[in-house]
Structures are given as structure tokens and as C-alpha cells.
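For reference, the structure is listed below as C-alpha cells.
The values are calculated or read from the model by the stated rules, or taken from the named source; none is laboratory data. In this text, all values refer to a predicted model and were calculated from it rather than measured experimentally. Note that we place each Cβ from the backbone using ideal geometry, even for glycine, and neighbour counts take in every protein chain shown. Areas reflect the complete protein model, heavy atoms only, side chains present, ligands, DNA and RNA absent. Shrake-Rupley method; radii C 1.70, N 1.55, O 1.52, S 1.80 Å.
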Amino acid sequence: MKRAQYPGHVVAGLLYDARFADACAGRDMGAVFRMLNHRGVSTRRLAESAGISQGRLYDYMNGKSRVEKLSVFEEIADGLRIPGRLLGIASRPWEPQPPPSGIEAQTAPAGDDVSVVTTFREADKAAGGGRLYQAVPHHSTRRSPGGSSIPKAMSKPSGEAAAGPDIAARGPTPGSAR
């Protein structure tokens with residue numbers, strides 16, 4: 001028995017498929033629905049995700065009617081997680097947004113972890129806070145003698161772990177007294 005597929009997961013796998021891109025560019029939602037159905041997404045799940053009736057879905061899939069209203073394209077894009085650019089509509093609220101103007105992308109500096117952490121923190125403050133902090137421990141980690149991964153620049157001079165959900169959950173750093 002074939003396991004039911006979630007439309008958003010299947011769409012993610014099709015984003016770079018030329019046929020899918022062509023169907024989206026031509027706004028041929030019948031072809032999009034047929035591709036998703038062919039890859040294991042049930043028509044019931046497609047209709048539910050797209051916010052349309054199953055009967056309407058069959059009409060689109062069989063070429064009896066075409067999606068014409070912008071609001072329907074938007075609802076389908078949101079339900080199936082199809083980026084707006086593929087359908088020629090505005091980017092959807094769930095799509096990653098470009099950084100606000102005036103904030104340039106920064107690359108992590110070469111060198112010690114303190115300068116790397118400083119760069120991440122400055123970028124985080126410029127972006128509104130909280131978004132980049134989780135990337136810092138992944139970028140600047142080292143192996144402790146016991147084999148666990150510990151961010152070396154994230155601890156205070158006394159060895160006390162810096163504030164943060166990821167660091168605090170790991171417990172004390174080697175040599176610290178809590």
C-alpha cells in the first residue's frame with residue numbers, strides 16, 4: 001500500500017523540475033495537480049490543501065475548466081506551498097523574505113571564533129534579533145576532550161555557558177562549576 005504524501009513535500013521535490021515549472025508558468029493547474037497526483041498525493045488531499053472541491057479539482061485535471069481568479073491561484077499556492085514567482089503572482093507570506101534594504105549580506109570573517117560570533121551578533125541585531133543566533137553554535141564548534149561538541153566562543157571567561165536555548169540545554173561546559 002502506498003503511503004499518503006503531503007502536497008507541500010511533493011511540491012518541494014518538483015521545484016526544479018522543468019515540466020512543473022512550465023506548468024506553473026503557463027498557469028496550467030490541471031497539469032500541476034496531475035503531476036502531484038501521479039507522485040502519490042491523493043485527489044482528496046490535493047483538493048483539501050488547495051481549498052477547492054474534489055469535483056472542481058477533477059475539472060481542472062481533466063481540462064474541463066481552468067483556474068482564472070487570482071484569489072484561487074493564491075489559495076492553491078499557499079495550500080501546496082508553490083512559490084508565487086513560479087505562478088507569476090506576488091511572493092507568498094510563508095516564503096522567505098529578502099533582508100530589509102540597507103542590510104547587506106555578510107560573510108563570516110576568517111579567524112578566531114570571537115570575531116565570528118561578533119559578526120553574527122551584529123548581523124542578528126541588524127535583522128531584528130533572534131534569527132541568526134541559532135546558526136552561531138553550528139558555525140563555531142569544537143570537540144571537547146570527552147567528544148561532545150561545545151561552542152568555544154559561546155562561553156564566558158569563567159566557563160559559564162552564555163545565554164541561549166541551545167547552549168543552556170547542553171549543561172555546564174568542561175571545567176565550569178554550576
Segment 1-73: helices (runs of 4 or more DSSP H) wholly inside it with 3 or more residues that are open to solvent by less than 20 Å² (accessible area, probe 1.4 Å) are 7-14, 18-25, 29-38, 43-50
In segment 89-115, anything open to solvent by less than 60 Å² (accessible area, probe 1.4 Å) and at pLDDT 75 or above is listed as ILE89, ARG92, GLU95
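A quick yes/no check of all residues on (1) under 20 Å from the mean Cα position of the chain (by Cα); (2) without any contact (Cβ under 8 Å) to a residue 12 or more places away in the chain:
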site	(1), (2)
GLY26	no, yes
SER49	yes, no
ILE52	no, no
GLY55	no, yes
MET61	no, no
ARG66	no, no
LYS69	no, yes
LEU86	yes, no
PRO96	yes, yes
Among the residues of segment 74-84, the number that are assigned to a loop (DSSP other than H, G, I, E, B) and among the β-branched types (Val, Ile, Thr) is 1
